[in-house]
Amino acid sequence: MRLLLALSFILMGCAQEDSFVCKNSLRNSYGENMLWYEDHIGVYINDNMSQYQQAVDNAVEKWNQYSKVKLVITNNSNTHIHLYASSDWSNREPSEQAFTGHTYYGNMFVRTAIVINTYNYTWYHLNGNGVEIESVLLHEFGHALGLHHFGQGIMKPTLPFNTTRIEFTEDDIKAIECQNLFNGRTRR
């Protein structure tokens, strides 16, 4: 009985609009939490990102430690998440290092594109000058899993040049744990 009450309290606490961990989730125009109904989400890596394969692998592995929805790298281009680099940034804000765009139905994600800006930025992995790719991939995969910008960790909205941000903060973990309450559940 105590376990049931405790679980009910946790679920109610995360479902409240003013709850810290839930306000960091993406929402549709009706205020509904955006989510994936599947437990495993395919990630297709375009050939123009192959030089960053290790950074992609690291980011996927780190998110899979905490997320109920598991990211799975696949060679099948007909999958959930597409990751690619673009040297054509003419229709986007030049200050954007990357962006994540979703196609969704109701509150369910259908497809997601993560696009890395190679026109305005020089990229490196762990050592170098420019923008650190693993840090940006962690951030963009956070959006792909349903998180919004917040705090000082992985989901912080900005990443200065020559900065590495590849460790999850307690706030990042709380946010994905709350998102886990919604992701991977059976369709309504």
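The values are calculated or read from the model by the stated rules, or taken from the named source; none is laboratory data. Bear in mind the structure is a predicted one, so any value in this text is a computation, not a measurement. Note that each Cβ is placed from the backbone with ideal geometry, even for glycine, and that neighbours are counted across all protein chains shown.
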task: Within the stretch 114-128, track down each residue that is buried (at least 16 other Cβ atoms within 10 Å of the Cβ), of a type outside the set (Ser, Thr, Tyr) and in contact with a Ser or Thr (Cβ under 9 Å, 6 or more places away or on another chain).
output: ILE114, VAL115, ILE116, ASN117
message: Filter the stretch 143-183 down to the residues that are among the basic types (Lys, Arg) and out of contact with any Leu (no Cβ under 8 Å at 6 or more places or on another chain) and list them by number.
response: LYS156, LYS174
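Residue by residue, here is whether (1) basic (Lys, Arg); (2) out of contact with any strand residue (DSSP E or B) (no Cβ under 9 Å at 6 or more places or on another chain); (3) farther than 16 Å from LEU159 by Cβ holds:
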| residue | (1), (2), (3) |
| --- | --- |
| VAL56 | no, no, yes |
| VAL69 | no, no, yes |
| VAL72 | no, no, yes |
| SER86 | no, no, yes |
| ARG92 | yes, no, yes |
| GLY106 | no, yes, yes |
| VAL115 | no, no, no |
message: Looking at (1) of a type in the set (A, V, I, L, M, F, W, C); (2) touching a residue at least 60 places away in the same chain (Cβ under 8 Å); (3) surrounded by fewer than 21 Cβ atoms within 10 Å (Cβ to Cβ), which one does LEU71 not meet, given that it meets all the others?
response: (3)
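Here's the yes/no breakdown for (1) aliphatic (A, V, I, L, M); (2) under 14 Å from ILE81 (Cα atoms); (3) within 19 Å of the chain's Cα centre (by Cα):
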residue: GLU96; (1), (2), (3): no, no, yes
residue: HIS102; (1), (2), (3): no, yes, yes
residue: ASN107; (1), (2), (3): no, no, yes
residue: VAL110; (1), (2), (3): yes, yes, yes
residue: THR118; (1), (2), (3): no, no, no
residue: THR122; (1), (2), (3): no, no, no
residue: LEU126; (1), (2), (3): yes, no, no
residue: ASN129; (1), (2), (3): no, no, no
Subset tally (residues that are in contact with a Phe, Trp or Tyr (Cβ under 8 Å, 6 or more places away or on another chain) and surrounded by fewer than 21 Cβ atoms within 10 Å (Cβ to Cβ)) for the stretch 141-166: 2
- prompt: What number of residues within the stretch 16-45 satisfy the criterion of being at pLDDT below 50 and touching a helix residue (DSSP H, G or I) at 6+ places or on another chain (Cβ under 9 Å)?
  reply: 3
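Considering each residue of the stretch 127-148, count those that are touching a strand residue (DSSP E or B) at 6+ places or on another chain (Cβ under 7 Å) and in a loop (DSSP other than H, G, I, E, B), and give that number.
Keep residues of the stretch 127-148 that are touching a strand residue (DSSP E or B) at 6+ places or on another chain (Cβ under 7 Å), which gives 130-133, 136, 140-141, 143-144, 146-148.
Now drop any that are not in a loop (DSSP other than H, G, I, E, B), which leaves 130, 146, 148.
The total comes to 3.
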